[in-house]
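Have a look at the structure below, then the notes.
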Amino acid sequence: MPHDKLLLLKPGFMDRDQGPYYCPACATLEGLLGFYPQLRDALDVIYLDFPRPRAAVIAEIGEENQGLPALVLHASAPADALRDMDVKEWNGRRFLKNPTDIGRYLARTQGIGEPH
């Protein structure tokens, strides 16, 4: 069965010879994966290096959308699960960037708790 793709930055990255850093929004979603480990089976979780260009992101959602995290939605993602969310689109592919929206979507499609 096809999966949605969760794109996250690898922690401990350097930026202009400073760091190490982590992405707070990616860490939030990593925490969600820890709370609900079954999500790792329901999603394709892809960890990416910090430097741009991020070829894997560009291939999925375009050069202008390289900021992470992102949840790239499978073509059959249910529209009703996306209500009241900031759904982005690139080249016919829908995706979410906001970690709260990502958590709400996963709650609606995977039966986990909703953000409160």
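We did not get these values from a lab; they are worked out from the coordinates using the rules stated. Nothing here was measured: the structure is a model prediction, and the numbers come from that model. Cβ placement follows ideal geometry from the backbone for every residue including glycine, while neighbour counts extend to all protein chains displayed.
Tell me which residues, restricted to segment 11-29, are exposed (fewer than 15 other Cβ atoms within 10 Å of the Cβ) and more than 21 Å from residue 100 (Cα to Cα).
Across segment 11-29, the qualifying residues are 12, 14, 15, 16, 17, 18, 19, 20, 21.
Mind listing just one residue for me: the one in segment 54-91 that is in contact with an Asp or Glu (Cβ under 7 Å, 6 or more places away or on another chain) and without any contact (Cβ under 8 Å) to a residue 40 or more places away in the chain and, of those, farthest from residue 112 (Cα to Cα)?
86
Restricting the search to segment 74-107, which residues are touching a His at 6+ places or on another chain (Cβ under 7 Å) and in a strand (DSSP E or B)? Don't jump to the end; show me each part of the working.
Going residue by residue through segment 74-107, those that are touching a His at 6+ places or on another chain (Cβ under 7 Å) are 74.
Those that are touching a His at 6+ places or on another chain (Cβ under 7 Å) and in a strand (DSSP E or B): none in segment 74-107.
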